[in-house]
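Since the structure comes first, as structure tokens, the remarks are kept for the end.
The values are calculated or read from the model by the stated rules, or taken from the named source; none is laboratory data. Note that the coordinates shown come from a computational prediction; the quantities given were computed from them, not determined experimentally. Note that we place each Cβ from the backbone using ideal geometry, even for glycine, and neighbour counts take in every protein chain shown. The protein model used for the area step is the full one, side chains on, heavy atoms only, and it has no ligands, DNA or RNA in it. Shrake-Rupley method; radii C 1.70, N 1.55, O 1.52, S 1.80 Å.
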Amino acid sequence: MEMLRAVRRWLAGAGILLVLEGVFAAPDPVTHLGRQWYDLERWGAARQLTTRWTPQTRVLTLTNRTTRLALAVDSQQAVVNGIKVWLTQPITARPPGWLISVLDADRVLGPLLQPVPPRPARPVHTIVLDAGHGGRDPGHQTGAREEKRYTLLLAQQVRAKLRAAGYRVVMTRTRDTFLELPERPAVANREKADLFLSLHFNAAPDPAIRGAEVFCLTPNGAASTHAPRSEVLNQSLPGHRDGTRSLLLAWQVQKALVERAGLTDRGVKHARFAVLRDLTMPGILVEAGFLSSPEEARLIADPKFRDRLAAAIVEGIERYRRWMEPGAQTRSNR
Ligand SMILES: [Zn+2]
């Protein structure tokens, strides 16, 4: 193992750290509160990340030449190269150090820090767009504004841009029609889609809340972001097969919504949504703003702003596709 580390250090120094990334030496896990954890500093060191602790803010920063990771003690919020990602367990202090859950390290942060495709890439050709709600299900309603109308309008704008970029696009609905939830992933599976995106707008009781959230399927054995942390489900679902790719797609789309469309970053989150559970390809659910925020609702109703949202979503898809291309294992596209 020492030999391997020396080789990796030499390769990192030479700037050609590629294939060996996949076999980085994880530290031995420890058991704490009935779960498996890594010592955070050792886990970071295995990835050439240097850990810095700021006691005033209780923030841990892990950095190297290409990566900056910010974590906070007793918090599930991580910031990965500027974009928020929710962990399934909080970072936990265990003096003299800190612990990160093995599941978060291996299946949430790991893939984002080391985006080598988990298995041979397949080209992205067919994309299924799912306009949330429809027909007798209006989705969120604020005043006269119904979510189902704007999800369809956004899906149409995304479709136009994807087609112009050469993709085959299939919509789960093209009109104001009702579709049962299981029917939506079924369309994607039937069409042998390469990606699935369900488009939604959000709402919250507090009108000050605004911004973007992108959901991917909660990893097996983890709790969803908005479920109590104790609510861990052990159930292998079809959607787990492409869990890593879905997470990478979610991160890229969230990044584009924040950086290109200017939305507030509420982070990549985890949920066991019905539309994500049964997918046989990478898939995400996008919440592209809050209809309950009067300001954001005005923007969402504006076709020019939706055009920016559509452009951002397409940019996220394009960045994901380039990331997944064979040989595209550098981080130049961050
Ligand atoms: Zn919705």
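For every other residue with a beta carbon closer than 14 angstrom to the beta carbon of ARG210, add +1 if it is Lys or Arg and -1 if Asp or Glu, then tell me the sum. Please list the in-between numbers first.
Details: positive: ARG266, ARG298; negative: ASP206, GLU213, ASP265, GLU287, GLU295, GLU296.
After counting each charged neighbour, the total is -4.
With one equal scatterer per alpha carbon and no solvent term, the Debye-computed log10 I(q)/I(0) for the chain at 0.09, 0.12 1/Å reads -0.48, -0.85.
Note down the magnitude of the dipole of region 126-324 about its Cα centre, charges +1 on Lys and Arg C-beta and -1 on Asp and Glu C-beta and zero elsewhere, to the nearest 20 debye. Intermediate results must be reported in sequence, preceding the final value.
On the way: 30 positive and 23 negative charges, 109 e Å.
Dipole magnitude for region 126-324 comes out near 520 debye.
So how exposed is VAL73, as accessible area in Å² (1.4 Å probe, rounded to 10)? Approximately 10 Å² for this residue.
How much length is gained if the chain between GLU325 and LEU33 is pulled fully straight, taking 0.36 nm per residue apart and subtracting their Cα-Cα distance, in nm to one decimal?
My answer for the length gained is 101.1 nm.
Cross-link partners of LYS304 among lysines, defined as those whose alpha carbon lies under 25 angstrom from its own and excluding same-chain residues fewer than eight positions apart: LYS148, LYS161, LYS255.
Between the listed residues ASN202, ALA144, ALA312, the Cα displaced farthest toward the positive end of the dipole of region 126-324, a dipole computed from Cβ unit charges relative to the Cα centre, is found at ALA312. Solvent-accessible surface (1.4 Å probe) assigned to HIS240 amounts to roughly 40 Å².
Computed over region 55-186, the range of Cα coordinates on each principal axis works out to 58, 42, 25 Å, biggest value leading. Under 13 Å from a label point set 7 Å out along the Cα-to-Cβ vector of ALA227, the amide N atoms of region 234-262 belong to 234-237. The 1.4 Å probe gives accessible areas that order GLU315, GLU325, largest first, as GLU325, GLU315.
Treating the beta-carbon of each Lys and Arg as +1 and of each Asp and Glu as -1, no other charges, what is the dipole magnitude of region 134-251 about its Cα centre, to the nearest 20 debye? Walk me through the numbers before you get to the answer.
Working: 17 positive and 12 negative charges, 101 e Å.
So the dipole magnitude of region 134-251 works out to roughly 480 debye.
Taking a ≥ b ≥ c as the square roots of the eigenvalues of the Cα gyration tensor, region 27-113 is classed as rounded, since a/c falls below 1.5.
Using θ = phi - 60° in the Karplus curve 6.51 cos²θ - 1.76 cosθ + 1.60, the 3J(HN,Hα) couplings for region 72-87 round to 10, 5, 6, 10, 9, 8, 10, 10, 9, 6, x, 10, 6, 9, 8, 7 Hz; x is entered for Gly and Pro.
The solvent-accessible area of ILE209, taken with every protein chain present and a 1.4 Å probe, is close to 50 Å². In degrees between 0 and 90, to the nearest 10, how far off the longest principal axis of the chain does helix 303-324 point, with axes built from Cα atoms? Orientation of helix 303-324: about 40 degrees from the principal axis. Loop-resident GluC sites (Glu not before Pro) (DSSP state other than H, G, I, E or B) in region 162-200 with no more than 13 further Cβ atoms inside 10 Å of their Cβ: GLU180. Along its principal axes, region 221-323 has C-alpha extents of 43, 33, 19 angstrom, given from the largest down. The length gained on full extension between THR54 and GLU183, counted as 0.36 nm times the residue separation minus their Cα-Cα distance, comes to 41.6 nm. Rounded to the nearest 10 degrees, the inclination of helix 147-164 to the longest alpha-carbon principal axis of the chain is 70 degrees. Consider all pairwise Cα distances in region 126-324 and report the whole-number % of them above 23 Å. For region 126-324, the fraction of Cα-Cα distances above 23 Å is 38 percent.
For region 225-298, the list of GluC sites (Glu not before Pro) that fall in a loop by DSSP and count at most 13 other C-beta atoms within 10 angstrom reads GLU231. Remark: spin-label model distance ASP302-ALA46 equals 4.8 nm, labels positioned 7 Å along the Cα→Cβ axis.
Carbon-plus-sulfur accessible fraction, the chain (probe radius 1.4 Å, protein heavy atoms only): 53%.
Count Lys and Arg as plus one, Asp and Glu as minus one, and take only other residues whose Cβ is under 11 Å from that of ARG260; the net charge is then +1. Within the shell of other residues whose beta carbon sits under 13 angstrom from the beta carbon of LEU237, the net charge comes to +1, with Lys and Arg scored +1 and Asp and Glu -1.
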